[in-house]
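So the structure is just underneath, and the comments pick up after that.
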Amino acid sequence: MASIDISGLVKDYHDRAGNRTRVLDGIDLSITGETFVSIVGPSGSGKTTLLNIVSGIESHTAGNVSLRAGDRDARVGYVFQDPRLLPWRTVDQNLSFVQHDRDGWAERAQHYLDLVGLGHLGDRFPAQLSGGQQQRVGIARAFSVEPDILLMDEPFSHLDAMTSRTLREHLERIWLESRRTVMFVTHDVTEAVQLSDRIVVLAPGGHVHETIEVDLPRPRRASDPAVAVLQAEVLARFEVLEARAAAARAEVPA
Amino acid sequence: MSTLVAARPSVGRSKSRRPASAPRWLVSSGALVVAVLAWGIASAVVDDNIAPGPLEVLERVVDITVSGAALDNFASSIVKILAGFGLAMLAGLPIGFAMGRSRFLSSYFSMPLFVLGNVPGLTYAVFGLVIFGVGATGPIVVSALVAVPFVAINVAEGVRSVDGKLLRMCQAFGRSPADVVRHVYLPAITAFVFVGVRYGFAMAWKVEALTEVFGARDGVGFMIRRAYQEFQVADMLAWTTLFVVAMVLIERGLAALESRLFAWRKDLA
Ligand SMILES: Nc1ncnc2c1ncn2[C@@H]1O[C@H](COP(=O)(O)OP(=O)(O)OP(=O)(O)O)[C@@H](O)[C@H]1O
Ligand SMILES: [Mg+2]
């Protein structure tokens with residue numbers, strides 16, 4: 001069973017003049033097992049930074065991050081905000097490129113491409129796919145490494161409403177079929193309620209504002225009244241936070 | 001390329017196509033025919049040994065080709081250029097890679113490369129002869145020196161063009177540095193190296209032929225000089241024609257290779 005343990009995580013950026021900006025300020029977060037956790041928060045609250053530190057792309061200033069799967073280091077899959085495919089490799093080759101485990105990768109790749117509805121396009125180059133199709137390849141790629149931990153950074157935010165709704169459904173379906181520990185960053189509270197077991201709200205200044213458990217049956221439909229009620233409630237709380245963030249920004253002289 | 005563009009639906013006028021125009025190759029061969037005709041007329045007017053007509057030169061081209069002299073001497077020149085180019089790649093790849101990664105090294109190498117790239121071909125040819133004497137070494141070293149700046153500068157551009165986001169993707173998926181070089185850096189710089197190779201090759205070839213004029217026992221440059229010494233203007237022109245034809249063929253070959261290597265750039269069909 002996989003787990004993410006974050007304690008006392010601090011991240012500072014330093015600009016050329018040596019000024020320090022604290023982006024994450026003492027994050028404690030523990031995610032265990034097949035849990036789908038969303039990180040929401042106003043723009044600039046450090047969501048991407050948090051995900052990058054968890055994935056090891058970025059260093060941190062203080063605190064501890066550990067990713068475990070049983071008694072070994074966890075394997076990570078990352079879905080970025082943009083597809084980030086190698087343009088000179090076909091869809092199949094892009095999936096092949098990230099495999100840790102060469103055994104049976106072709107079947108795995110085919111399986112997840114089928115799940116996102118692209119099973120027949122493995123020979124195409126990314127430039128020959130639409131934006132939504134490229135993003136779906138990115139999702140299939142992350143699943144195809146059979147990650148213990150799946151990180152996603154606003155994977156649908158660049159897409160139109162209809163494509164992103166379809167992909168959300170794809171995502172929930174795939175996740176239900178092969179459950180993983182998920183950290184999912186989003187701006188979109190509605191999306192967070194539909195997908196998550198838990199929602200972690202980051203506040204500006206980079207600390208955890210609150211944690212909301214979502215205990216609704218799956219698969220969830222946006223039209224389900226229980227989902228809608230919770231969405232409205234979380235949205236109301238989130239709006240208060242965003243208003244506060246906006247007020248704080250207004251106080252800082254430009 | 002042009003077929004791809006033409007196949008794209010045009011906004012507004014969905015049915016109508018651009019009026020059919022003569023294909024490119026037809027137009028450029030037309031230009032060639034006009035030039036050859038002009039040459040024929042000029043040589044008929046002058047009517048002297050120093051201005052042989054196209055037919056006479058063509059005859060020499062056929063003779064030279066049939067006798068096997070063309071193949072021997074071109075092979076000899078091309079082997080020298082390829083050897084020089086191999087050296088240029090060996091030096092240019094690491095230098096370009098270092099320049100792409102480090103601002104310091106980029107500044108460090110920019111001056112020497114600029115100098116190498118701007119020394120007149122004649123200087124290379126003369127120095128090749130003075131230092132290495134008559135033989136194959138001079139032309140090889142000279143074509144290497146001429147090509148290095150093209151290779152290095154284009155490799156550096158290619159390395160700079162690598163998308164940091166792709167590198168972070170590799171990191172997130174735990175790819176090894178060797179994998180990153182092979183699947184990200186090399187494909188990214190290939191396009192740039194290709195430009196370097198095409199220009200570098202043309203340059204190296206010209207300077208190499210010049211070097212052969214002064215210090216070689218065979219090769220195209222040497223044959224041109226011999227024809228000059230023997231006052232065989234038709235032979236000089238025949239060798240020059242063969243030289244141009246060879247360059248065009250190589251250029252075409254490289255272009256074909258390019259479109260195969262860069263199939264991934266094809267737009268949405
Ligand atoms: N390389 C960097 N150097 C300095 N500051 C940075 C750097 N990267 C991010 N920041 C700052 O860190 C803060 C958090 O950035 P981050 O990208 O994590 O926010 P986010 O919550 O993902 O925002 P969004 O919702 O807009 O994507 C921002 O104020 C940003 O300006
Ligand atoms: Mg972000």
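The values are calculated or read from the model by the stated rules, or taken from the named source; none is laboratory data. The model shown is predicted, which means the values in this text are computed figures rather than measured ones. Cβ placement follows ideal geometry from the backbone for every residue including glycine, while neighbour counts extend to all protein chains displayed. Accessible surface areas use protein heavy atoms only, side chains included; no ligands, DNA or RNA. Shrake-Rupley method; radii C 1.70, N 1.55, O 1.52, S 1.80 Å.
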>> Take A:ASP153 and tell me if it is away from ligand 2 (no atom under 16 Å from the Cβ), within 13 Å of chain B (Cβ to nearest Cβ) and of a type in the set (D, E, K, R).
In response: no
>> On the basis of being away from ligand 1 (no atom under 16 Å from the Cβ), modelled with pLDDT of 90 or more and either part of a helix (DSSP H, G or I) or surrounded by fewer than 17 Cβ atoms within 10 Å (Cβ to Cβ) (or both), does A:HIS111 make the cut?
In response: yes
>> Which numbered condition in (1) aromatic (Phe, Trp, Tyr); (2) within 10 Å of ligand 1 (Cβ to nearest atom); (3) under 17 Å from A:TRP175 (Cβ atoms) is the only one that A:TYR13 fails?
In response: (3)
> Only one of these conditions is not met by A:ALA228: (1) touching a residue at least 12 places away in the same chain (Cβ under 8 Å); (2) not in a strand (DSSP E or B). Which number is it?
Replying inline: (1)
> Does B:MET99 fit the bill of being without any contact (Cβ under 8 Å) to a residue 24 or more places away in the chain and surrounded by 23 or more Cβ atoms within 10 Å (Cβ to Cβ)?
Replying inline: no
> Pairs, please: C-beta under 9 Å, at least 6 apart or cross-chain, first residue modelled with pLDDT of 90 or more and in the range B:68-95, second aromatic (Phe, Trp, Tyr)?
Replying inline: B:ALA88/B:PHE150; B:GLY92/B:PHE150; B:ILE95/B:PHE109
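Of the residues A:LEU171, A:LEU159, only one is modelled with pLDDT under 90, more than 19 Å from B:LEU166 (Cα to Cα) and assigned to a loop (DSSP other than H, G, I, E, B); which?
Going through A:LEU171, A:LEU159 in turn, the sole match is A:LEU159.
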> Using beta carbons and a limit of 6 Å, which pairs, at least six apart or on different chains, have the first residue in the range B:147-172 and charged (D, E, K, R) and the second one outside any helix (DSSP H, G or I)?
Replying inline: B:LYS165/A:ARG84; B:ARG168/A:ILE57
> Which residues, taken from the range A:49-86, are within 16 Å of ligand 2 (Cβ to nearest atom) and at positive phi?
Replying inline: A:ARG84
>> List the residue pairs whose Cβ atoms are under 7 Å apart, where the first residue sits in the range A:94-115 and is hydroxyl-bearing (Ser, Thr, Tyr), the second is in a helix (DSSP H, G or I) and open to solvent by 20 Å² or more (accessible area, probe 1.4 Å), and the two are 6 or more positions apart or on different chains.
In response: A:SER96/A:TRP105
> Pick from A:ILE53, A:ILE31: which is among the hydrophobic types (A, V, I, L, M, F, W, C) and either within 14 Å of chain B (Cβ to nearest Cβ) or within 16 Å of ligand 1 (Cβ to nearest atom) (or both)?
Replying inline: A:ILE53
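Conditions tested, residue by residue: (1) acidic (Asp, Glu); (2) open to solvent by 50 Å² or more (accessible area, probe 1.4 Å); (3) assigned to a loop (DSSP other than H, G, I, E, B).
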{"site": "A:ARG179", "(1), (2), (3)": "no, yes, yes"}
{"site": "A:ALA192", "(1), (2), (3)": "no, no, no"}
{"site": "A:VAL200", "(1), (2), (3)": "no, no, no"}
{"site": "A:ASP215", "(1), (2), (3)": "yes, yes, yes"}
{"site": "A:ALA232", "(1), (2), (3)": "no, yes, no"}
{"site": "A:GLU239", "(1), (2), (3)": "yes, yes, no"}
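Going through the range A:56-75 one residue at a time, which ones are more than 14 Å from ligand 1 (Cβ to nearest atom), closer than 24 Å to A:ASP25 by Cα and within 11 Å of another protein chain (Cβ to nearest Cβ)? Outline the logic, then answer.
Of the residues in the range A:56-75, the ones more than 14 Å from ligand 1 (Cβ to nearest atom) are A:56, A:62-75.
Going one step further and asking which of them are closer than 24 Å to A:ASP25 by Cα, we end up with A:56, A:62-68.
Listed by number, the list holds a single entry, A:GLY56.
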> Taking into account only those residues within the range B:238-263 that are open to solvent by less than 60 Å² (accessible area, probe 1.4 Å) and either touching a residue at least 60 places away in the same chain (Cβ under 8 Å) or in contact with a Gly (Cβ under 6 Å, 6 or more places away or on another chain) (or both), which is farthest from the other protein chains (Cβ to nearest Cβ)?
Replying inline: B:ALA238
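Counting only residues that are buried (at least 17 other Cβ atoms within 10 Å of the Cβ), give me the helices (runs of 4 or more DSSP H) lying completely in the range B:119-187 with at least 3 of them.
Numbers: elements: B:121-132, B:137-161, B:164-172, B:177-180.
Answer list for the range B:119-187: B:121-132, B:137-161, B:164-172.
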